[in-house]
Every structure is written in structure tokens, then in C-alpha cells.
1. Return the FRET efficiency for the residue pair E28, Q692: r is the Cβ-Cβ distance, R0 is 60 Å, and the value is rounded to the nearest 0.05.
2. Test of understanding: what is the full-extension gain from D630 to N444, defined as 0.36 nm times their sequence separation minus their Cα-Cα distance?
3. Give, to the nearest whole percent, the P(r) tail of the chain beyond 53 angstrom, counting all Cα pairs.
4. Give me the percent of DSSP beta bridges within segment 325-477 that run antiparallel, rounded to the nearest 5.
5. Label points 7 Å out from Cα along the Cβ direction at Q171 and N374: separation in nm?
6. Based on the Kirkwood radius over alpha-carbon pairs, what value in µm²/s does the Stokes-Einstein equation return for the translational diffusion coefficient of segment 332-634 at 4 °C and 1.567 mPa s?
7. In degrees between 0 and 90, to the nearest 10, how far off the longest principal axis of the chain does helix 552-563 point, with axes built from Cα atoms?
8. Rank A281, N444, T345 by how far each Cα sits towards the positive end of the charge dipole of the chain (+1 on Lys, Arg Cβ; -1 on Asp, Glu Cβ) and give me just the farthest.
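The values are calculated or read from the model by the stated rules, or taken from the named source; none is laboratory data. All values reported here derive from a predicted model rather than from experimental measurement. Glycine gets a Cβ as well: all are built from the backbone with ideal geometry, and neighbour counts include every protein chain shown. Please note that ligands, DNA and RNA were not included when accessible areas were found on the heavy atoms of the full protein model with its side chains. Shrake-Rupley method; radii C 1.70, N 1.55, O 1.52, S 1.80 Å.
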Amino acid sequence: MNILFDDEKKIFKIDTEHTSYVIAVTDEEGFLGHVYYGTKISDMDVNYLLRTEENPFVPSKNNRDRSSFLDTFPMEYPGNGVGDYRESAIAVKDGNGHSAVMPLYRSYNITPGKAKIPGLPAAFAKEGECLSLEIVLYDEVLSLEVTLVYTIYAGSDVMTRSTKVTNRSKQEITLTKVMSASIDMDAEDYEMLSLHGSWARERQIEQRPIGYGKQSVGSTRGESSHQEHPFVALVSKGATQESGRVYGMHFVYSGNFLAQVEKNQFDSLRMMMGIHPQDFAWKLGENETFYAPEAVLVYSDQGLGAMTRNLHDFYRNHMIRSPYKNKKRPILINNWEATYFDFDTEKLIAIAKEAKKCGIEMLVMDDGWFGHRNDDNTSLGDWQVNENKIKGGLKHLVDEVNRIGLAFGIWFEPEMISPDSNLYQKHSDWAIALPNRTPCRSRNQYVLDLSRKEVRDYVYEAVASVLRSANIAYVKWDMNRQLTDLGSNFLDADHQGELMHRYVLGVYELQERLITEFPELLLENCSGGGARFDPGMLYYSPQIWCSDDTDAIERLKIQEGTALIYPLSTMGAHVSDCPNHTVGRVTPFETRGNVALAGTFGYELDITKIPEEDRNMIPKQTAMYHKYNDLVREGDYYRIASYSSNHEYDCYEVVSKDKKEALVTFVQVLNRPNCHSRRIRLQGLDEKVRYQIEGIEGSFYGDTLMHAGVKIPNMWGDFQSVLLHLKEAEN
Ligand code: DGJ
């Protein structure tokens, strides 16, 4: 990795292992231009590629007589309102009510290491393991300083970008848009890949042609959301898992976002990522700085698979801080789908006893243990244990569960307040709401105004005091509604537009405090399933509940989309009972286990009630988890076949870093008459190594398995699955 600057020609070149990123400054005006991003190149001066030609009928600007280049010039960080009609990366409302801003190049700084972004999650690395470039831009009219921050990481093809904006004037200024990253490039034959979804159907992959105009995904819901995901990729047409060019942008943020691709009249593409400008306005006083969250940029010229593996390694090495990141997580049993709100100490202990016999290692008590919460209408905010249910108190229950030999975990939804709660009786003004409007209820609850310190302090103490009261090893931090009625009783009129971002900063502050006071705690984030599955959350918790849909077949698609950009070690995945509670499907217990093994693994069922033959399978599954989890958690992931595109079967593979071991999961979703065995070509093996496949006679070279393939026999029935475990042959 290296960052170079040619002082004479004013060119920056950022090289990762296999990529180059070139930025240049124009002589006359000091515009910062984006010259190149892609496969590593040797030349530094590739300015001949910059589009500076004039085009008719677009605004000209100052000293470039009749020049029309502003609307076509590839900007590294496009300004607003002075001639570039494409989407701007920044916009303001100044003291005169104007929105124009055009920051020009001023200076730069290249340093080893990386500065933290105050209050925000961001990738980290030791000083010798990363290099940062800061480019300072300046708008003379506004006295506004815009600093673009780039960091590259040793051994990685990922680059991170963020932006900070400082008001150097004496007047206040309001930022109405600050994107974190923007790139302009020529519109070659790219398609746009994004992840869409819904509750219980998160992160489904969609790829579409890029038309003229703007195509975007985003969230204005106050969280990264079920519906759209803070990730977008440009994918060359026809790209596969193993070939083609892919540019990915991923946002390290858990609130509103905009990810947009724009194709304009001159066939240029602008791709950007940042906080969604809707409902955003941030006031900056003299010398105050606004920090925009970080964006992760990744480029692959070897298809989607290489992008995936780059991101997996990057998040494992540079985003997840938890002491659990390289450790096996305890196999848990969660009582949500087992009992919903109908449980008590006795019931939980009965589950714990049976679970222990089967090799399960932790009991998680989900929603319903506090206040008078017997359904989802009450008590959020009243984090005192309900002793009518948890007879003998929480410590007694935890001690009993520990005595049985299981660790104990607990559920919270700290950001919420039920109208039917003691907290609301005392502090109805703590809920986010607009004056004179009845706020929307969602799941019969409101959202707490976490922009307010006293609210955050209350929430923190409520959670922490429960954790201090007993031996609690794990917390599931849930968030079951999105933000509406954006009004804070605390912020003045000039700062109401800051609420959404301040809310997210509040969530981050709370989780930071929690993992600081309880450094050994295993934190799992969750939001009505996987509505806040994003890199920002991974900075605080090594795992996130993937989806409320635990059906093994639906999970194939959800986990495929999730694993496209997130390591398997982060995906909360449980075996549940059938008929499945979300879709009513009945699948073999074995397949449910095989699919959940691709994630953190656990159970979400009443182990005292499930059929005996299912229960008898659990010890085998927990043993398999111990056998395969190091590989699944730390290996390289290869997508072999996709049920979401072929509608018949799914197949993925994890290969250990030393290529001596691999695990292939094959699920036959639909059987067809007269259908024969299938040939599956593996990936990522060592061509010269001979592998033994457990249960199959003989051994085969990696090249045979990758080019000629393995045979998966046709299985009787739908939803059947098989695991192939490969190991380097002994001789
Ligand atoms: C939504 C979560 O995704 C579920 O797993 C469960 O914890 C419920 N909330 C509880 O209300």
C-alpha cells in the first residue's frame, strides 16, 4: 500500500494491494478531479483521462472562457449550485439564504495511522497497518473547510473515506447535505446491485441496468432499515462470482442514508453515499466541525466473489472490536419462538435443563420479563423484572441457569417507551413527537429522544443496573420501530434538523458505554429481525440478528444477500420449530441445522416440546457446530449456486485460509421428477492439494474438484440438504 503525491502536477495516487485510485487538481481553478479507480496501474500521471472538454449549452464558469466543463468534469467531491447539475455532495444554507458551495483544493497531509471519527463507528488499524490521506478543500466565499479523508489498510483492497466540514467564518452556517463519498467515472456497461427487503425478508439481491437519471436506495426511517440497505455496487454486465469488475460502496452508519448512482447526458456516472439529506440540517457555529460517517469502498476485477471476500476480511480485521470476534460464540437457545410472552422461571429452567443435555451453552430470555409486559403493548422503559413471572427474581433465575451449566443472556429494547409505562407517566416529553400532532404508534410504542443526555443517562443506567445485578453474559439489543414525527422537546427550532443524526449518535454512545463497562459482554444487535444490520453496528457487536424469518428456505436468500457483504461470523442464525412461524413451511430438522450452521448458530424453539426425533438430532448438530465453526467463522466464503436465481438449489462453500479444509453446504430446495445428480464445481481450493471428502472413498486434487466438480446425488423430497467436509488427504 502506498499514497503518493506529485507536487508539480498535483496528482494523488492511492495504491492498495491490487487497486489504484487517482485524484488530480486542475491548474487554473483548483477543482479536485477524480481521474481513476480500478485495477492497479503503474503510471501516476493519467490526467489525459480527465474530462475537461467543453460542451455546448451548459453553464460556463469564470476563468474558463465558454467552458462548460463543470457539468461533465469528474469531481472528487462535487459542490452545489454553480454549474454542475449532477447531484452535489454538499449543500448549505448560508446567512443570506443561499445554498451554493464549491470547495477548491487547498492542501493535503499524508500520515501513517488513522484518526478516530468522534462519536462514530469507523474502521481501525494499528499505525503500521494503515495510511491516511487528508485533502483539505476550501470555499473562500463561505470560509468553509471541507476535508476528505482516505485510509488504506495493509493487505486489503478496501479503502475508507469520510468527510469533515469546519466553519471557519464568524457566521453560523447550516449544512443541508454532507455526503461521505462520491466518485465520478465513465458510464461503461455497468449495472447497479443493491439489497432490498422487508420485515422477515431482508437483504435480497437485486441487479438492474443503469438508466439515465438518478437511481438510488436509501432510508429516511432513522435506521438502516429492512427495506433498503446502505450498500450499492456497480457491476460490469455479465460479471459473475469469478469474473468482471465490481465497485462497492458500503456505509458505516446505522441511520438515514442515501446511496445513489446517476448517469448524465455525457454518459458519466456519479456514485455516492452519505446521510440522507431529507430531514437533515446541521448548524455549525464558528470553528465547529461536522463529521460525516465513513464509507467503505471496494473494487474487484475478479467478480463479486472477490469483493465479498475482501469485505469479509476487512470487517473481521478492521471493524469488529469485540473480544468474541475470533472466538466461537456460545450455542444459545432463545425463548422467543418457544414461548413468546408466556413464560416464567419454571418454564425457562425446564428449557435450560433440556438444552444442557443436548450441548446447548446459553439460555437467552427474550422480550417480556419486565414491567407488566405480557404482550407487546406495554412497559418498554420500565426495566424492572416482573417477579410475577420471574419468581424469585432475576439473580435467582440466572444463578439457577448457571448451576445447570448454561450461561445466561437477556433481551432489551432500550431505545423505546410504551405509552403504557411508568416511564411515560413521568416523562411523556422524552418521546420523539411533534407539538400538536398525535405521534404515530408502531407496535404500540414511541421512540425515546436519545439526542437528550438525561434520556441517554436514564437508559444506560436502566440497562447497566440489570447487568450489574446478575451474571449476565449476553445482551440482545433490539429496536422494533422506525422513527416518525420528528420533533424533539429538547432541541430548539434551529437544531430540529439534527434530530435523526443525534439519535444515531445517541445509540452509539450508549453501546460504547455498555461495552466499556462490560468488556466481556457478548452483544447482539437486532431490529425487528435485521433492520439495523450494518457495519456501524458491527463496531459495537460482533453479531447481529439476521431476520425474524427462521425458515431454512427463506434464510437461504436472506443469508445469501447478507453474506454478499458481511462475514458469516456476524449473522445471527437459529434453528426453529415447524411449521415455521413466519411462512408455515415444514422443513427437515437436519436442513434447518445445516442452514443455521452458516451463522452464529443457536436454537429458538421449545426444546421440551419438539418431537423426540428432532431433539435427538440436537447433540449431533451442536457437535457439528464445534467441529466446523472455526472454519465457518474465519474461512473464505464462496458462493457456488444461488437458489434465488436458479429457483431449485443453493450451494456455498467456506475454505480455510490455508486451503487445507473446506465445508460445502448444498440445499436441494425443489426436487424434480427424472432429475439426476448434480455436478457442482468447487472454488478456492489449492489445485495441487489432494482432498478427502468425509464419507466418500478416495481423494481428489483441488483442480479436479474445481474444474470437473463433485457429484451431489439427487435427494428424495424438497428441502433436503447435505454437507461435504473436505480435508487435505493424509498421504
Ligand atoms: C424482534 C426480534 O427480532 C425478535 O427476535 C424478538 O426479540 C422480538 N422482537 C421481541 O419483541
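1. 0.35
2. Numbers: separation 186, 0.36 × 186 = 66.96 nm, distance 4.16 nm.
The span from D630 to N444 would gain 62.8 nm if fully extended.
3. 12 percent
4. On the way: 5 of 17 bridges.
Of those bridges, close to 30 percent are antiparallel.
5. Between Q171 and N374, the simple spin-label model gives 6.3 nm.
6. 65 µm²/s
7. Helix 552-563 sits at roughly 30 degrees to that axis.
8. Highest projection toward the positive end goes to T345.
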